[in-house]
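The values are calculated or read from the model by the stated rules, or taken from the named source; none is laboratory data. On a predicted model such as this, the values are computed, not experimentally measured, just so you know. Please note: Cβ atoms are built from the backbone with ideal geometry, for glycine as well, and neighbour counts cover all protein chains shown. When the accessible area is computed, the model is the full protein with side chains, heavy atoms only, and any ligands, DNA or RNA have been set aside. Shrake-Rupley method; radii C 1.70, N 1.55, O 1.52, S 1.80 Å.
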Amino acid sequence: MPRRELLTGNEAVAHAVALADAKVIGIYPITPQTTIIEKICDLAAKKVFQPRIIHVESEHSAMATVIAASYTGVRAFTATSAQGLALMHELLHWAGGGRLPVVLANVNRAMAPGWSIWTDQNDSLSQRDTGWMQFYCESAQEVLDSLLLAFRVSERVMIPSMVVLDAFVLSHTSEPVEMPDAETVAEFLPEYRAPFRLDVEKPCSFGALLRPQHYQEIRVQLQDAMEAAVAEIEASDELWKKLTGRGWGVVAGYRTEDADILFVTSATVASTARAVADRLREEGIKVGVVKVRVFRPFPFAAIRRALAGRRLAVVFDRNISYGHHGIFAQEIKSALYGVSGAPPLACFVGGLGGRDVTRETIETTLRSALAKSNGRLFAWI
Amino acid sequence: MIPSAIDASIDVRWHGRGGQGVVLLSQIAGTAAFLGGRHVQVFPEFGVERRGAPVRAFLRLSNHPIRIRCAIVRPHVIVVLDPMLLAQAETCAGAGPETILVFNSRGGRWVVPPGLRAAFRVDATAIARRHGLGTPTTPIVNTAMAGAFARAAGYVSMEDVARAIARIIPAKPAENTLAAQEAFEETAECR
């Protein structure tokens, strides 16, 4: 029997990194991420695993550290939040463009100003175009499983991964987590064998000048790899399900089979939304919930399968692209463009800067969308 | 009794002051419930902690995996470590006829809001002093209050509280367990 422990989302990250036996970890503190690196240091001090932990002077340097480590062919990890992730931005491109399978945990925190330590998704979604995969989690168990999956998929497709969890609602909340045993992890996540690496015996250059006739070629390769990554994520998820009984999908539906109205969202809001769907069904309102778990590569086919033919899809975004609207909503619209049976979308933005998203918030969102299902496309909640 | 419906949890809110170990108390109680076979969700107030300022922590416990991921506003149990906090309206905000209040006070005058299901008192400060927990002027009452919670609310056993203390309290495990046990025995309903 696998053992169960009471862990916060952040502790689940740390345990996953230990289970993955990451070799180099670049660390720099920022609330609400800090307890991840504290727990990693604690596990390393207890010799649960023995990574090289490198304290640096900024998040930019933390990312530079894991990039350099990854170039030498070892598994590397770091964690951050909000302004810290923004400071990494330049180097996120370097990891993505360099095809390095680095894994980063980002604890979603609202961007300043005004100063906030609470959750929303604008920090990670601002990194959309850096060539990283992004996984959004709703429970500490999903965080642990996603970290292991991220290492596996990243090393198979040579694209870095960002595993994302909500500040406090997930990062600092303790709940039961089933810990996979070492044999299961070893089967799922074999030792990393880098297809290329910095080796003084076989010198070559990385990130060198690329003239216009070559630059676009490597970008084509990155895009092809990103598109192929959807199937790789699905296959790895299937394998994890076979090994542990837990699969998370790229898009996860709940009571969608006979649903007229779908509530489409991501991360912890999806969890609360399932309780709301059950309640509204007692009134005869046929609500289903669709959780978008993978944001990059965007799961176009799964979104189309989940949404086409419904009466209405209500998209709830805990983020906003100023001058447009919710960012998941934009992506979902683009996935549905030209698809027959595409439902009308009602797009809502709420929960920014840690504003609590309660059962009432979600119920109000659904009821107001139903009241004007052919009306406004966008509203704040 | 913990209700059987899927999203019906028992919701507990813990009140104390920064430095009193309120967050650790919520973890002791959550761990005790977890060891007792419950599904639990334990979280601190999502804020910036300051020594001496009012601090809250939260616990949901259920017979099912807990799907609700938002703040607790209508607690079934309110546990108060510092009797002075009882005078603040926020401490019992959201309380109703289903709510049990458990508070630390040495006796004398206290004001319990009307309309609660029950109120329980324990002199956790004296118990903590007796066992040398914290300092005489700043006793640490959290483990005693874990015993009081077990007695008053009945959702966790004293045995599981002791196991939780052994698991997560780094200092003075014997003294802390004794404090919890004595508080369990001394907690009495206010009538």
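Numbers at a glance
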item: Residues that are within 14 Å of chain B (Cβ to nearest Cβ) and open to solvent by 10 Å² or more (accessible area, probe 1.4 Å), drawn from the range A:127-139; result: A:Glu138, A:Ser139
item: All strands (runs of 3 or more DSSP E) inside the range B:39-141 with 1 or more residues being open to solvent by 20 Å² or more (accessible area, probe 1.4 Å); result: B:39-44, B:54-62, B:118-122
item: The range B:1-27, residues that are within 12 Å of the chain's Cα centre (by Cα), away from every other protein chain (no Cβ under 11 Å) and under 18 Å from B:Leu101 (Cα atoms); result: B:Asp11, B:Val12, B:Arg13, B:Trp14, B:His15, B:Gly16, B:Val22, B:Leu25
item: Residue in the range A:208-228 that is touching a Pro at 6+ places or on another chain (Cβ under 7 Å) and more than 14 Å from chain B (Cβ to nearest Cβ) present; result: yes
item: Matching residues, the range B:39-69, being touching a strand residue (DSSP E or B) at 6+ places or on another chain (Cβ under 9 Å) and in contact (Cβ under 8 Å) with a residue 60 or more places away in the chain; result: B:Leu61, B:Ser62, B:Asn63, B:Ile68
item: Test: residue in the range A:287-305 that is farther than 26 Å from A:Ala225 by Cβ and surrounded by fewer than 21 Cβ atoms within 10 Å (Cβ to Cβ); result: no
item: Whichever residue in the range A:82-91 is surrounded by fewer than 24 Cβ atoms within 10 Å (Cβ to Cβ) and under 17 Å from the mean Cα position of the chain (by Cα) and, among such residues, is farthest from A:Thr31 (Cα to Cα); result: A:His89
item: Qualifying position, being touching a residue at least 60 places away in the same chain (Cβ under 8 Å) and in a loop (DSSP other than H, G, I, E, B), among A:Leu100, A:Leu147; result: A:Leu100
item: The listed residue being more than 14 Å from chain B (Cβ to nearest Cβ), touching a Pro at 6+ places or on another chain (Cβ under 7 Å) and closer than 22 Å to A:Leu144 by Cβ, out of A:Val250, A:Val294; result: A:Val250
item: Residue among A:Val357, A:Val339 that is crowded, with 20+ Cβ neighbours inside 10 Å and either within 14 Å of chain B (Cβ to nearest Cβ) or free of Cβ contacts under 8 Å to residues at least 60 places away in the same chain (or both); result: A:Val357
item: Yes/no for B:Ala118 being touching a strand residue (DSSP E or B) at 6+ places or on another chain (Cβ under 7 Å) and among the small types (Gly, Ala, Ser); result: yes
item: Verdict on A:Thr265 being surrounded by fewer than 22 Cβ atoms within 10 Å (Cβ to Cβ), among the β-branched types (Val, Ile, Thr) and not assigned by TED's automatic domain parsing to the domain that holds A:Ser171; result: no
item: Residue count, the range A:24-33 (criterion: within 19 Å of the chain's Cα centre (by Cα), under 10 Å from A:Thr80 (Cβ atoms) and open to solvent by 10 Å² or more (accessible area, probe 1.4 Å)); result: 1
item: Some residue of the range A:140-154 being more than 14 Å from every other protein chain (Cβ to nearest Cβ), in contact with a Ser or Thr (Cβ under 8 Å, 6 or more places away or on another chain) and open to solvent by 10 Å² or more (accessible area, probe 1.4 Å); result: yes
item: Residue check for A:Ile37: in a helix (DSSP H, G or I), open to solvent by less than 40 Å² (accessible area, probe 1.4 Å) and under 21 Å from A:Pro190 (Cα atoms); result: no
item: Boolean, A:Leu165 is part of a loop (DSSP other than H, G, I, E, B), crowded, with 20+ Cβ neighbours inside 10 Å and within 14 Å of another protein chain (Cβ to nearest Cβ); result: no
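Residue-wise test of (1) closer than 26 Å to A:Glu187 by Cα; (2) modelled with pLDDT under 95; (3) buried (at least 24 other Cβ atoms within 10 Å of the Cβ); (4) within 14 Å of chain B (Cβ to nearest Cβ).
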| site | (1), (2), (3), (4) |
| --- | --- |
| A:Asn10 | yes, no, yes, yes |
| A:Ala22 | yes, no, yes, no |
| A:Ser61 | no, no, no, no |
| A:Ala64 | no, no, no, no |
| A:Arg75 | yes, no, yes, no |
| A:Thr80 | no, no, yes, no |
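Here's the yes/no breakdown for (1) at pLDDT 95 or above; (2) closer than 30 Å to A:Ala273 by Cβ:
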position: B:Val48; (1), (2): no, yes
position: B:Pro54; (1), (2): no, no
position: B:Gly115; (1), (2): no, no
position: B:Gly134; (1), (2): no, no
position: B:Val141; (1), (2): yes, no
position: B:Phe149; (1), (2): yes, no
